Amino acid sequence: MSVLSDSGPAGPAPVDAVASPPRQGAVRRLLRSPVAVVALVWVLLVALLAALAPLLTSASPTASQITNALAPMGGANLLGTDGIGRDVLAQLLYGARTSIVGGVIVVVVSLALGLPAGIVAGYYRGRFDAVASWIANLLMALPAIIVLLVVLAQFGRSTELGMAVFGVIIAPGVFRLVRASVLAVREELFVDAARVSGLSDGRIMRRHVLPVVIAPTVIQASQLLGIAIVIQAGLEFLGLGSPNQASWGGMLSDAFQNIYAEPRLLLFPGLAIVLTVTAFSLLGNALRDALGVGGRMPRVRRRATVVAAPDSDVPAPVVSEPPGDALLAVQDLRVSYPKGDGSVSEVVRGVSLALRRGEVLGLVGESGSGKSQTAFAVLGLLPPTARTSAERLTFDGTDLQRLSPAERNRLRGRRIGYIPQEPMSNLVPSFRIGSQLTEPMRHHLGLSRAEARRRALDLLARVGIQDPGRVFDSYPHEISGGMAQRVLIAGAVSCDPELLIADEPTTALDVTVQAEVLDLLRSLVAERDLGVVLVTHDFGVVADLCDTVAVMQEGRIVEEAPAGRLFDAPEHEYTRMLLSSTLENSPSRQDLPPAVPDPDEPEPLPLSSSGGPR
Amino acid sequence: MTAVQEPLLVADRVVVDYPVKGWRQQPIRVLRGVSLDIGPGETVGLVGESGSGKTTLGRAILGLAPVTGGEIRFQDRDISRLGKRERRALSKDIQVVFQDPYSSLNPAKTVEDILTEPLLVTGTARAEAGRRVRSLLDAVHLPVDAGQRLPREFSGGQRQRIAIARALTRDPKLIVCDEPVSALDLSTQSRVLDLFIEIQQRTGVAYLFITHDLSVVRHVSHRVAVMYRGELVETGDATRVTTTPEHAYTRRLLLAAPVPHPRRQAERRAERHRFLAAQAAAGPAGS
């Protein structure tokens, strides 16, 4: 077989098919949001006006002409003058400078302290982390305004000093955010791989940790700018800024004194503050969306990414009308999901199945083949965005598509059981095993508490748990994964279902535990005449348990046959390829000698492209 | 074995303890004196179930887990307690391929960045590093233009090829492979295993191949070691250990692995039931 690509003869297309726009995306995504564009334009406009203030007005923001106090708008003073005759427009423009400079000081100080401290604390943990976290907690406990008042009273009124102190006080916010992000990324294997690659700690922090931390930090910086402007305006309003400097807060203070004489004076600084702070806040939100915070890809295994192809020309596999005694009959089942760009991705494309009582049907396929989606469609547990249709979907003669959600729910608990793949995530951690087992029985079967308890203990003993009483009283975290899967199987059969749907029930288990769970399932099937749909990717499991096997590829069943025939004489090329990929009969390597490079050859490593020193 | 060769790596009664949170808690002993050797160009398969300590042994060799007792010798030099600088120097010779190809590649870096990084830190010129990347991509059968792409644009099997290429960048003598194919689909898995074998035949690199899957181990290994609760219970030639194991635990492991054929699986199942019944009759030894 070729080793040229992983797609093989039957798999999806390789590299090119999944190409998506790589980087730069974040900026483009940001600019696609109208809110972000408006906010960005406003922020840039404020910055520009502040920078060009001397060119835009000849008036001085601080020169007061008592004779010209409270002048109306228009004329020499475009926006009028304030209570002591200072030009409002000039104050507004120069005040923007004060606000922006103050905001930048806060951000620079808090980042300069919080970012490196957070990275080092998160990366090394240990003593530095303990000390830094302690200091951060202390700073957070201090009342910011009081500290500011004390510092400004002690060292004189200065906007810059006030903002620098505020930057220190707010730095723990940055520190904690950065530290938490680093702790998360620290667990990623690529950081371990970088260490094994021989990178120094400093380089790992710079090259691998910092980029992950940047995104949330940028967002927080944007929010900090907004907060800083409010705090600063507050200080100026209280008269704690430098008296020789125009500021929005100072303007508000003056306007407040003249609120009866000239209320319009409140308007300009008020609007400037509100709009600018809002702009920074919205910008932060838009950045959060654009960067998809955390900067990490969700680790979704390609479960439902088969892109629909026009399949009118593909003949549906010929399946005869399901026999009348079928417990479960599915005909032409289709499941699709709408995609972001308006198109539809069909993940199950015309699946037909029939299952009798006492029969185990294996649904086999690789990831993305639609096998789990088929099982969930039968259970009626697909996410609400899924669109399901079927010519026929009946359980023991009942049309499942006609049932109301409530009726379907009743059926699911009682006559259709479900065994999930991940046992632990399917038990509620804060309830005891016992209450999780008895609850459905009391609800569906109307049993009393004592009856349900007795029955649950019987079931736990039946699924091979040595000490049912102890497990009954345990919380999920107190039992092992294999034990949890037995509990879930006990739960699945607790209401005497007729049909069992098992989605990779042993994939998360060790082989020795898997063998025991398979034994258990086999004996339950024989004992209760259960019909079972077993979703799996493991042909060993199929061979162990299944009577019939349906092989799925890209949303379709490509072959269905009794287990014996499928393994002995697979008909479809894809089935043959899958079976040939199992390693069971592959020769062991023991007979080949270890690949020791030939000592006579001076350059025994043909991988290197040049003979130069490495 | 062709045992004239000096072993490349020797683990000598290695003990690893992990501290437990909380005051005066006893640390957990994960490895209880494990001894193992790997020859040049040899693949040693390490099999065990979850919690057996197989991954910890790999991490101890890589310097990612603390060695509490015993020692690990690489080319006759104790590497179990190296300083940071010495450990970094050793990265030329000992490399790793992890299980999860989704988390082992930095999602924000292009494949070329990922592959050149180990070269650039050791002072290789950028042009030379670029040439090296192209030959590495070729060696793992990825298209040459793959270097410009991000990891997320590749399937699981392709990412694992990238991880293999990264391990190969500086011509290591030993690669620790920690469940490198368990996250992959069946057909992808066999192709990636064949790539491992092909690369070994071309470069003479040795593998410590950690996995829970006996059939995988038989396919790639010359020798197999079986780990159970922090100890090696059996070591030997791959065919013998995976077909006629001596230790009871290995037999249990082998008999529990289902054969992908209904009739033969029914036979193995019956044999397993006989074996377990005999074990139970023999007394409460083991669990």
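The values are calculated or read from the model by the stated rules, or taken from the named source; none is laboratory data. Being a predicted model, the structure only gives us computed values, none of them experimental. Note that we place each Cβ from the backbone using ideal geometry, even for glycine, and neighbour counts take in every protein chain shown. Side chains included, ligands, DNA and RNA excluded: accessible areas come from the protein's heavy atoms. Shrake-Rupley method; radii C 1.70, N 1.55, O 1.52, S 1.80 Å.
Return a yes/no flag: does segment A:211-219 have any residue that is within 28 Å of the chain's Cα centre (by Cα), open to solvent by less than 30 Å² (accessible area, probe 1.4 Å) and more than 14 Å from chain B (Cβ to nearest Cβ).
Yes, some residue in segment A:211-219 is within 28 Å of the chain's Cα centre (by Cα), open to solvent by less than 30 Å² (accessible area, probe 1.4 Å) and more than 14 Å from chain B (Cβ to nearest Cβ).
Can you tell me which residue within segment A:557-582, out of those that are assigned to a strand (DSSP E or B) and within 12 Å of another protein chain (Cβ to nearest Cβ), is nearest to A:GLY350 (Cα to Cα)?
Per the stated criteria, the residue is A:ALA561.
Hey, does segment A:130-149 have a residue that's within 14 Å of chain B (Cβ to nearest Cβ), more than 22 Å from B:SER103 (Cβ to Cβ) and in contact with a helix residue (DSSP H, G or I) (Cβ under 9 Å, 6 or more places away or on another chain)?
Within segment A:130-149 (the criterion being within 14 Å of chain B (Cβ to nearest Cβ), more than 22 Å from B:SER103 (Cβ to Cβ) and in contact with a helix residue (DSSP H, G or I) (Cβ under 9 Å, 6 or more places away or on another chain)), the answer is yes, since at least one residue qualifies.
Suppose the filter is within 33 Å of the chain's Cα centre (by Cα) and more than 26 Å from B:ALA270 (Cα to Cα); does A:GLY482 pass it?
It is false that A:GLY482 is within 33 Å of the chain's Cα centre (by Cα) and more than 26 Å from B:ALA270 (Cα to Cα).
Could you please let me know if A:TYR94 is within 30 Å of A:SER58 (Cα to Cα), of a type in the set (Phe, Trp, Tyr) and part of a helix (DSSP H, G or I)?
yes
For segment B:158-188, which residues satisfy the criterion of being at pLDDT 90 or above and more than 19 Å from B:PRO118 (Cβ to Cβ)?
Across segment B:158-188, the qualifying residues are B:GLN158, B:GLU179, B:VAL181.
For segment B:92-103, which positions are within 7 Å of chain A (Cβ to nearest Cβ) and modelled with pLDDT under 90?
Once the filter is applied, which keeps residues that are within 7 Å of chain A (Cβ to nearest Cβ) and modelled with pLDDT under 90, segment B:92-103 yields B:ASP100, B:TYR102, B:SER103.
Taking segment A:189-209, which residues are part of a helix (DSSP H, G or I) and not charged (D, E, K, R)?
Scanning segment A:189-209 gives A:LEU189, A:PHE190, A:VAL191, A:ALA193, A:ALA194, A:VAL196, A:GLY202, A:ILE204, A:MET205, A:HIS208, A:VAL209.
Quickly run through segment B:7-26 and pick out the residues that are in contact with a Pro (Cβ under 8 Å, 6 or more places away or on another chain) and at pLDDT below 85.
Of everything in segment B:7-26, those that are in contact with a Pro (Cβ under 8 Å, 6 or more places away or on another chain) and at pLDDT below 85 turn out to be B:PRO19, B:VAL20, B:GLN25.
For (1) among the basic types (Lys, Arg); (2) surrounded by fewer than 18 Cβ atoms within 10 Å (Cβ to Cβ), each residue gets a yes or a no:
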| site | (1), (2) |
| --- | --- |
| A:ALA180 | no, yes |
| A:ALA184 | no, yes |
| A:LEU189 | no, no |
| A:ARG195 | yes, no |
| A:GLY198 | no, no |
| A:SER222 | no, no |
| A:LEU235 | no, no |
| A:GLY239 | no, yes |
| A:MET251 | no, no |
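Just to be sure before I move on: is B:ASP185 surrounded by 22 or more Cβ atoms within 10 Å (Cβ to Cβ), acidic (Asp, Glu) and over 21 Å from A:GLY198 (Cα atoms) in the structure I sent?
yes
Can you report the number of residues in segment B:110-141 which are at the interface with another protein chain (Cβ under 8 Å from one of its Cβ atoms) and within 20 Å of B:THR188 (Cα to Cα)?
Total meeting the criteria: 3.
Of everything in segment A:368-411, what is open to solvent by less than 50 Å² (accessible area, probe 1.4 Å) and in a helix (DSSP H, G or I)? Give them in sequence order.
A:LYS371, A:SER372, A:GLN373, A:THR374, A:ALA375, A:PHE376, A:ALA377, A:VAL378, A:LEU379, A:LEU400, A:ARG408, A:LEU411
For segment A:361-399, which residues satisfy the criterion of being over 16 Å from A:ARG415 (Cα atoms) and β-branched (Val, Ile, Thr)?
A:VAL364, A:THR374, A:THR385, A:THR388
Suppose the filter is part of a helix (DSSP H, G or I), open to solvent by 60 Å² or more (accessible area, probe 1.4 Å) and closer than 22 Å to A:LEU210 by Cβ; does B:ARG152 pass it?
yes
Taking the criterion of being modelled with pLDDT of 90 or more, over 33 Å from the mean Cα position of the chain (by Cα), more than 10 Å from chain B (Cβ to nearest Cβ) and at positive phi, would at least one residue in segment A:524-534 satisfy it?
yes
Among residues belonging to segment B:166-187 that are among the small types (Gly, Ala, Ser) and over 18 Å from A:MET577 (Cα atoms), point out the one that is farthest from the other protein chains (Cβ to nearest Cβ).
It comes out as B:SER182.
Determine whether A:GLY118 is assigned by TED's automatic domain parsing to the domain that holds A:VAL212, surrounded by 15 or more Cβ atoms within 10 Å (Cβ to Cβ) and part of a helix (DSSP H, G or I).
Yes; evaluated as a whole, the condition is true for this residue.
Please find, within segment B:76-91, the residue that is farthest from B:ARG161 (Cα to Cα) out of those that are facing chain A (nearest Cβ under 9 Å) and among the hydrophobic types (A, V, I, L, M, F, W, C).
Filtering segment B:76-91 for residues that are facing chain A (nearest Cβ under 9 Å) and among the hydrophobic types (A, V, I, L, M, F, W, C), the one farthest from B:ARG161 (Cα to Cα) comes out as B:ALA89.
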